[in-house]
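Asks: The following block contains the structure, expressed as C-alpha cells.
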Amino acid sequence: MQKIETTIVDGKALAQDIRQRIAGEVANLTCTGRRKPKLVVVLVGSNPASLSYIKGKQRACMSVGFDSEEILLPENISQEKLLAEIVRLNQDACSDGILVQLPLPTHLCPNRVAQAIDPVKDVDGLHPQNAGALLLGIPGHRACTPLGILEILDRHHVPMEGAHAVVLGRSNIVGKPVAQLLLERNATVTICHSRTKNLPAVTREADILVAAVGRARMVKADWVKPGAAVIDVGVNVIDDKLVGDVDFEALHGIAKILTPPKGGVGPMTITMLLHNTLNAYKIREGL
Ligand code: NDP
C-alpha cells in the first residue's frame, strides 16, 4: 500500500492562535471603556465529565479576557424552573452567550431548552433560528464543533470543493451541521448513521472523513482511503484513557491529515465557543 506522510493536527496550537486574536480584540474593546463579553454556562446536576467541561470553558473565557459565570442547578429541577432561569438570562443585559451543558437529565427536553434561549445569545448554534440559518446559508451562530472542524481543514489547506466528505453521525450538534458546512463549501457529502449499510465501503470513498459517533476506535485502517483527511470528534474513555472513534495509531501512514484523540478537535470546539460569544457581544453592542 502507498505510504503517506501523516500530519497530526495540533488543535491546541491552532486554538491558541485564534484565542490570541480574540484576546487582542477584547483588549481593544475594553481599553475604550466598554464592558467585557460574558458567557454564562448552565449545568443541571453534577455529572463529573460535564463539571470538567464547564471548568475548561471558564478557563478559556479567562484566557481571552471574557467574564464568565457558571450556574449550577439541581439534578431534579423542573422543566419550567429551568426555562424560567433561561428567560432570566435572556433578559440579563450583561450576558452575551448562554450555554446549557448537555446531556441534560432525561426528564428535561433539550429541544425545549434550545428553543428558550434568545437566538443572539445561543452561542451553541442549537436554536431552530440558528440551525435554520445554517441550512439557508444566512448569518447566525454555527455550532462550535463543526466550525472548529472547518477551521482545522482550512488551516491544513484541505481542498473541500468537489471533495467527497463522509460524515459518520447525524446529531444536531455535530453530524448534521458539519455536513451542512461541508456542503456550503461545495463538498459532495454523505451522511452515515447507525442504519447505514456496509459502512467501511462508504468511508473508503472519503477524501474527508469526519467521525462523530461515540464508538471507541470504530474506524479502522482499512476503512480509510490513503491520503484522506480524517477528523476524529469522538470522546471515549477506555481503561481511563481517552480514545477517539478512529484507530489513531493504525492510521499513521494512511491518513494525510489526522486529528489526535486529545488536543485535536476539543480545543477548537471551546475556541469556537469564544468566537461565537464575541460575535454575540458585537451584535448586542451594535458593533
Ligand atoms: P450522538 O450520540 O448524539 O450521535 C451519534 C451518532 O452516531 C448518531 O447519529 C448515531 O446514529 C451514530 N452511530 C452510533 N453508532 C453507530 C454505528 N455503529 N455506526 C454508524 N453510526 C453510528 O453523539 P454526538 O454527535 O453528540 O457526539 C459524537 C461523539 O463526539 C461523542 O463521542 C461525543 O462525546 C463527541 N463530541 C466531542 C466533541 C469535541 O469537542 N471533541 C464535541 C461534541 C461531541 P443514529 O442517529 O442512527 O442513532
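The values are calculated or read from the model by the stated rules, or taken from the named source; none is laboratory data. Here the structure is a predicted model, which means the values were calculated and not measured. With ideal geometry, Cβ positions are generated from the backbone for all residues, glycine too; neighbour counts draw on all protein chains shown. For accessibility, only protein heavy atoms count, side chains too; no ligands or nucleic acids. Shrake-Rupley method; radii C 1.70, N 1.55, O 1.52, S 1.80 Å.
Asks: May I ask for the distance between the Cα centers of the stretch 1-50 and the stretch 256-287, given as a whole number of Å?
Replies: If you average the Cα positions of each part, the centres end up 5 Å apart.
Asks: Also: For residue 62, what accessible surface area do you get with a 1.4 Å probe? Give it in Å², rounded to 10.
Replies: 150
Asks: If you don't mind, there's one more thing I want to ask. Under 1.5 on a/c is rounded, so check that first for the chain, then, if it is not, pick prolate when a/b is larger than b/c and oblate when it is not; a ≥ b ≥ c are the square roots of the alpha carbon gyration tensor eigenvalues.
Replies: prolate
Asks: Between 0 and 90 degrees, rounded to the nearest ten: what's the tilt of helix 144-155 against the longest Cα principal axis of the chain?
Replies: Helix 144-155 sits at roughly 50 degrees to that axis.
Asks: Turning to a different aspect of this structure: Say R0 is 51 Å: what FRET efficiency, to the nearest 0.05, do residue 190 and residue 93 get from their beta-carbon distance?
Replies: 0.70
Asks: OK, next. Short version: ³J(HN,Hα) in whole Hz for each residue of the stretch 207-214, in order, from phi by Karplus 6.51 cos²θ - 1.76 cosθ + 1.60 (θ = phi - 60°), x for Gly and Pro, what are they?
Replies: Result, rounded to whole Hz: 7, 10, 10, 10, 10, 9, 10, x.
Asks: Using amide H atoms built in the peptide plane, which far-off residues or other-chain residues are under 5 Å from residue 246 H to H?
Replies: Result for residue 246 returns 217, 218, 219.
Asks: Which ³J(HN,Hα) values in Hz, rounded to whole numbers, follow from the phi angles of the stretch 125-139 under the Karplus curve 6.51 cos²θ - 1.76 cosθ + 1.60, where θ = phi - 60° and Gly and Pro get x?
Replies: x, 9, 4, x, 5, 6, 4, x, 4, 4, 4, 7, x, 10, x
Asks: Do the sum for the chain: with -39,500 (n - 2.57) for every DSSP H run of n ≥ 4, divided by all residues, what is the mean residue ellipticity at 222 nm, to the nearest 500 deg cm²/dmol?
Replies: -12500 deg cm²/dmol
Asks: Ok, one more. Computed FRET efficiency, Cβ-Cβ of residue 81 and residue 285, R0 51 Å: what is it to the nearest 0.05?
Replies: So, using R0 = 51 Å, E works out to roughly 0.95.
Asks: Additional query: Among 19, 142, 88, determine the one that fluctuates most according to a GNM of the chain built with springs between C-alpha atoms less than 10 Å apart.
Replies: Result for the chain, Cα springs under 10 Å: 88 fluctuates most.
Asks: While we're looking at this one, here's another question. Using the Karplus equation 6.51 cos²θ - 1.76 cosθ + 1.60 (θ = phi - 60°), what ³J(HN,Hα) coupling, rounded to whole Hz, does each residue of the stretch 219-225 give in order, writing x for Gly and Pro?
Replies: Calculated HN-Hα couplings, in order: 7, 8, 4, 7, 9, 10, 6 Hz.
Asks: Now for a different question. Would you work out the relative contact order for the stretch 143-265, in percent, from Cα pairs under 8 angstrom that are 6 or more residues apart?
Replies: Value for the stretch 143-265: 22 percent.
Asks: While we're here: Just the number, please: carbon plus sulfur as a percent of the accessible area of the chain, 1.4 Å probe, no ligands or DNA/RNA counted.
Replies: 54
Asks: Also, quick follow-up: Per 0.36 nm of contour for each residue apart, how much would the distance between residue 23 and residue 111 grow if the chain were fully extended, relative to their Cα-Cα spacing?
Replies: Additional length available on full extension: 28.4 nm.
Asks: Using 1/(1 + (r/R0)^6) with R0 = 51 angstrom and r between the beta carbons of residue 102 and residue 5, what's the FRET efficiency to the nearest 0.05?
Replies: It comes to 0.85.
Asks: Run the quick spin-label model on residue 36 and residue 12: label points 7 Å from Cα toward the beta carbon, then report their separation in nm to one decimal.
Replies: It works out to 2.4 nm between the two label points.
Asks: Helix 79-91: angle to the longest alpha-carbon principal axis of the chain, degrees 0 to 90, nearest 10?
Replies: Tilt of helix 79-91: around 70 degrees.
Asks: Pairs of alpha-carbon atoms within less than 8 angstrom and 6+ residues apart define the contacts here; what relative contact order does the chain have, in percent?
Replies: Across the chain, relative contact order equals 22 percent.
Asks: Taking amide hydrogens as modeled 1.01 Å from N in the peptide plane, which residues meet the under 5 Å criterion relative to residue 235, leaving out close sequence neighbours?
Replies: The list, which skips near neighbours in sequence, is 214.
Asks: Compute log10 of I(q)/I(0) for the stretch 119-160 with the Debye formula, placing one identical point scatterer on every Cα and leaving out solvent, at q = 0.31, 0.34, 0.35 Å⁻¹, to two decimals.
Replies: Log10 of I(q)/I(0), two decimals: -0.97, -1.05, -1.09.
Asks: On a 1.4 Å probe surface of the protein chains, which of 106, 277 comes out largest in accessible area, and what is the full order?
Replies: 106, 277
Asks: Please compute the contact order of the stretch 1-107 in relative form: average sequence separation of alpha-carbon pairs under 8 Å and at least six residues apart, divided by the residue count, as a percent.
Replies: 34
Asks: Which cross-chain or sequence-distant (5 or more) residues have an amide H under 5 Å from the amide H of residue 230, H modelled 1.01 Å from N in plane?
Replies: 209, 256, 257, 258, 259
Asks: Calculate how steeply helix 265-285 sits against the longest principal axis of the alpha-carbon atoms of the chain, using the helix alpha-carbon long axis, and give the answer as 0 to 90 degrees to the nearest 10.
Replies: 40
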